[in-house]
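J.: Would you mind keeping the following structure in view while I ask a few things?
The values are calculated or read from the model by the stated rules, or taken from the named source; none is laboratory data. Since the model is a prediction, treat every value here as computed from it, not as a measurement. So basically every Cβ, Gly included, is an ideal-geometry build from the backbone, and we count neighbours across all protein chains shown.
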């Protein structure tokens, strides 16, 4: 039997960790030197110095929409029909689910379609062999729809608290299904985790399992009133006691964004409508932002400088950056709420709503009724002021088209221009950076402009450097894998370490991982040891140090205590459990390795095919061939490209005399992993057993193409020659 020869479980994490370390809240974390931020302007229930703010979604002052309903039912009724009010919904197998042709993934050989089975919506994945036979099929039922559906509606699968995005998205403007954003470039299939930043902006406040990626204790509904108004308990209790603010004064128990200054008002919107690489000081995360805060109190948002410089770069969430280019924005105190009514659905606005916002300023007169600096529309054929004010300002001065980073959508470019250029092609958006040189990242503030770091007086030099180092490494790891970013990460991180204060937790780990990628193992190890000393309850520090000791020092015995600690702190940190199983296996503790792998797949049964494979190896070595077959079968079912799993599955079936089952597994192996010589060699043996000598010969010749020194295949091929 031709088998794979691996005797070591498969796992390498230091350079291949797919996403940034999970966010975690720390209720007692500092909010800045000396306490509250120097930029805090208010003391309302939503401000930065509120005592429960750093509890995030666990803040007991949140009462949910039901707490607002008794007094605000009419507003609530309208709001629930807005995009925000429909941002996360139950799955409905509507008419679009009947439009399912096959969608081919550009990133691999898989294809997808949507269908309805017994009233349930399903997304189905298939892999075809060269002769068109289906060698792999996986059907997954979605649990939630994310997005209002005005532009897109994506779908989420929830298994044991693991929330992942599914591969197909409905694009409403085109009226068609296509791969979800980013999937055309890297097909994550059914396993892309919804990190806290993404889910918080597309729903209300979720409760993340601390220190995990995409594992949630509690999932909320759609975006609620309190995302813009702050926690409502104090406001509701004040009204119940008959207390109201003084006439003309802001309500001190709730946030009305229109009572805030311009940057604070914009910050409430930009907590979700300013995309970029977002990094947080210790103790902060997306759920700890409160309306009434300045955005810079909660986070740093970095974007490529080209977004501010290139007039043709229109990001899907770059509205403030584009708006900041506008003369209207520069000359006035306009904000998002100048034009947008968040309580009213867009299709219920009067037809002249947006035009009226323009002519409120462009009257042609100053405040005294004489000719002023805000001209009337000068389009041809306007003889009177009334005619000048009757045009469709938006269609002339804002373009509507595609975006630079997400295909198949149509958005309004918020750069108000006298003569806008042609809109972008909706099918041209690409979420990848293909520059041959590193890009310059800049921090952007709530007015859509590059910020002067000295403005953020609450940030120490160490904290500012740590936030930037974290952003640079995250951008390198997930958006533009160019080694030119690493020296800047290391330089910025080292400078921050040398400054008064210390790095943030995430900044420290980003610096350590950048050092590893540059081969500076000793310095990375020293930094990770500092990390576990200074943040002993952070499992990521223990996990990364354990991985370093195993992979770079070759010392699994020294690695194990750190991995033990990581798993003790957070048993659902799957990355640490997978590495711990590998280390236990390397130390010869096969029984414990098996127990750990069984815990991994029990916690995350559909997103860990490699762990199913490793479990099969351990079971097989222990003589449990039935258990091994079940594990290899699950690995192959979940990952059609895991050729080794299919080969092992076929080998067990063949030894049991199940030629049909063996051939099915080996055909999957050669289709999904065509460069695997063991797959072709194993299929050759099935061909021989069934008397198909020409097919066996071709399979053996393919083995020798891939591995010319394979003596077994060469000898068998010699015996088959006429």
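J.: State whether the residues of the stretch 305-326 include one that is assigned to a helix (DSSP H, G or I), surrounded by fewer than 23 Cβ atoms within 10 Å (Cβ to Cβ) and free of Cβ contacts under 8 Å to residues at least 12 places away in the same chain.
T.: Yes - at least one qualifying residue is present in the stretch 305-326.
J.: Given the conditions (1) surrounded by 18 or more Cβ atoms within 10 Å (Cβ to Cβ); (2) closer than 22 Å to residue 85 by Cα; (3) touching a strand residue (DSSP E or B) at 6+ places or on another chain (Cβ under 7 Å); (4) touching a residue at least 40 places away in the same chain (Cβ under 8 Å), which single one is not true for residue 143?
T.: Unmet for residue 143, out of (1) surrounded by 18 or more Cβ atoms within 10 Å (Cβ to Cβ); (2) closer than 22 Å to residue 85 by Cα; (3) touching a strand residue (DSSP E or B) at 6+ places or on another chain (Cβ under 7 Å); (4) touching a residue at least 40 places away in the same chain (Cβ under 8 Å): (1).
J.: Just to check your reading of the model, which residue among 706, 659, 685 is touching a helix residue (DSSP H, G or I) at 6+ places or on another chain (Cβ under 9 Å), within 22 Å of residue 127 (Cα to Cα) and touching a residue at least 24 places away in the same chain (Cβ under 8 Å)?
T.: Of the residues listed, the single one that is touching a helix residue (DSSP H, G or I) at 6+ places or on another chain (Cβ under 9 Å), within 22 Å of residue 127 (Cα to Cα) and touching a residue at least 24 places away in the same chain (Cβ under 8 Å) is 659.
J.: Could you list, in sequence order, the residues of the stretch 340-360 that are part of a helix (DSSP H, G or I) and either surrounded by fewer than 16 Cβ atoms within 10 Å (Cβ to Cβ) or in contact with a strand residue (DSSP E or B) (Cβ under 6 Å, 6 or more places away or on another chain) (or both)?
T.: Applying the first criterion (part of a helix (DSSP H, G or I)) to the stretch 340-360 yields 346-348, 353-360.
Passing the criteria: 346, 347, 348, 353, 356, 360.
J.: Let me ask something else. Filter the stretch 198-217 down to the residues that are in contact (Cβ under 8 Å) with a residue 60 or more places away in the chain and surrounded by fewer than 19 Cβ atoms within 10 Å (Cβ to Cβ), then identify the one that is nearest to residue 299 (Cα to Cα).
T.: Taking the candidates together, the pick is 201.
J.: Regarding the stretch 607-619, can at least one residue be identified that is over 30 Å from residue 577 (Cβ atoms) and not in a loop (DSSP other than H, G, I, E, B)?
T.: Checked the stretch 607-619: no residue is over 30 Å from residue 577 (Cβ atoms) and not in a loop (DSSP other than H, G, I, E, B).
J.: Quick one: would you say residue 672 is closer than 26 Å to residue 128 by Cα, touching a residue at least 60 places away in the same chain (Cβ under 8 Å) and not assigned by TED's automatic domain parsing to the domain that holds residue 167? Break it down stepwise before answering.
T.: Working: closer than 26 Å to residue 128 by Cα: yes; touching a residue at least 60 places away in the same chain (Cβ under 8 Å): yes; not assigned by TED's automatic domain parsing to the domain that holds residue 167: yes.
Spelling it out, residue 672 is indeed closer than 26 Å to residue 128 by Cα, touching a residue at least 60 places away in the same chain (Cβ under 8 Å) and not assigned by TED's automatic domain parsing to the domain that holds residue 167.
J.: Name the residues in the stretch 114-138 that are surrounded by fewer than 17 Cβ atoms within 10 Å (Cβ to Cβ), touching a residue at least 60 places away in the same chain (Cβ under 8 Å) and assigned to a strand (DSSP E or B), would you? I'd like the intermediate steps shown before the answer.
T.: Initial filter on the stretch 114-138 (surrounded by fewer than 17 Cβ atoms within 10 Å (Cβ to Cβ)): 115-120, 128-134, 137.
Retained after the next criterion (residues that are touching a residue at least 60 places away in the same chain (Cβ under 8 Å)): 128-130, 133.
Listed by number, the list holds a single entry, 128.
J.: Consider only pairs whose beta carbons are under 6 Å apart and that are at least six residues apart or on different chains; among these, list those whose first residue lies in the stretch 520-531 and is without any contact (Cβ under 8 Å) to a residue 12 or more places away in the chain and whose second residue is assigned to a helix (DSSP H, G or I).
T.: Taking only residues 6 or more apart or on different chains, the pairs are 523/515.
J.: If I go through the stretch 198-211 residue by residue, how many of them are touching a strand residue (DSSP E or B) at 6+ places or on another chain (Cβ under 8 Å) and closer than 16 Å to residue 55 by Cα?
T.: Looking only at the stretch 198-211, we keep the residues that are touching a strand residue (DSSP E or B) at 6+ places or on another chain (Cβ under 8 Å), and these are 199, 202-204, 206-209.
With closer than 16 Å to residue 55 by Cα added as a condition, the list becomes 204, 206-209.
Matching residues across the stretch 198-211 total 5.
J.: Among the residues that make up the stretch 153-164, is at least one of them buried (at least 18 other Cβ atoms within 10 Å of the Cβ), assigned by TED's automatic domain parsing to the domain that holds residue 99, at pLDDT 90 or above and over 18 Å from the mean Cα position of the chain (by Cα)?
T.: Looking through the stretch 153-164, none of the residues is buried (at least 18 other Cβ atoms within 10 Å of the Cβ), assigned by TED's automatic domain parsing to the domain that holds residue 99, at pLDDT 90 or above and over 18 Å from the mean Cα position of the chain (by Cα).
J.: Could you please find all residues in the stretch 91-106 being crowded, with 16+ Cβ neighbours inside 10 Å and either over 24 Å from the mean Cα position of the chain (by Cα) or within 17 Å of residue 674 (Cβ to Cβ) (or both)?
T.: Those that are crowded, with 16+ Cβ neighbours inside 10 Å and either over 24 Å from the mean Cα position of the chain (by Cα) or within 17 Å of residue 674 (Cβ to Cβ) (or both): 93, 96, 97, 100, 105.
J.: Find the residue count for the stretch 385-414, including only residues that are in a loop (DSSP other than H, G, I, E, B) and under 28 Å from residue 152 (Cα atoms). Show your work before the answer.
T.: Step one: list which residues in the stretch 385-414 are in a loop (DSSP other than H, G, I, E, B), which gives 389-392, 398-399, 402-410, 413-414.
Within this subset, residues satisfying the condition of being under 28 Å from residue 152 (Cα atoms) are 392, 398-399, 402-410, 413-414.
Looking only at that region, the number is 14.
J.: Let me ask another. For the stretch 166-173, state whether one or more residues are closer than 22 Å to residue 572 by Cα, touching a residue at least 24 places away in the same chain (Cβ under 8 Å) and touching a strand residue (DSSP E or B) at 6+ places or on another chain (Cβ under 9 Å).
T.: Yes, because at least one residue in the stretch 166-173 is closer than 22 Å to residue 572 by Cα, touching a residue at least 24 places away in the same chain (Cβ under 8 Å) and touching a strand residue (DSSP E or B) at 6+ places or on another chain (Cβ under 9 Å).
J.: Can you find a residue that is assigned to a strand (DSSP E or B) and farther than 30 Å from residue 347 by Cα anywhere in the stretch 140-150?
T.: yes
J.: Please go through the stretch 598-617 and pick out each residue that is free of Cβ contacts under 8 Å to residues at least 40 places away in the same chain and under 26 Å from residue 669 (Cβ atoms).
T.: 598, 600, 601, 608, 609, 611, 612, 615, 616, listed by residue number.
J.: Taking the options 338, 344, name whichever one is under 20 Å from residue 391 (Cβ atoms), within 36 Å of the chain's Cα centre (by Cα) and at pLDDT 90 or above. Lay out the reasoning, then the answer.
T.: On the way: 344 fails: under 20 Å from residue 391 (Cβ atoms).
Sole residue among the options that is under 20 Å from residue 391 (Cβ atoms), within 36 Å of the chain's Cα centre (by Cα) and at pLDDT 90 or above: 338.
J.: To continue, here is another question. Can you report the number of residues in the stretch 264-291 which are under 25 Å from residue 538 (Cα atoms) and not in a loop (DSSP other than H, G, I, E, B)?
T.: Residues in the stretch 264-291 being under 25 Å from residue 538 (Cα atoms) and not in a loop (DSSP other than H, G, I, E, B): 6 in total.
J.: Continuing with this model, one more query. Can you tell me which of 228, 272 is over 21 Å from the mean Cα position of the chain (by Cα) and within 20 Å of residue 206 (Cβ to Cβ)?
T.: Numbers: 272 fails: over 21 Å from the mean Cα position of the chain (by Cα).
Matching residue, one of 228, 272: 228.
J.: Let me ask something else. Are there any pairs with C-beta distances below 8 angstrom linking a residue in the stretch 446-463 that is at negative phi and crowded, with 21+ Cβ neighbours inside 10 Å to a residue that is assigned to a loop (DSSP other than H, G, I, E, B) and modelled with pLDDT of 90 or more, with the two at least 6 apart or on different chains, and if so which?
T.: Going by the 8 Å Cβ cut-off, the qualifying pairs are 446/274; 446/294; 459/281; 463/281; 463/504.
J.: Now a separate question. Out of 222, 186, report the one residue that is in a loop (DSSP other than H, G, I, E, B) and out of contact with any helix residue (DSSP H, G or I) (no Cβ under 9 Å at 6 or more places or on another chain).
T.: After applying the criteria, what remains is 186.
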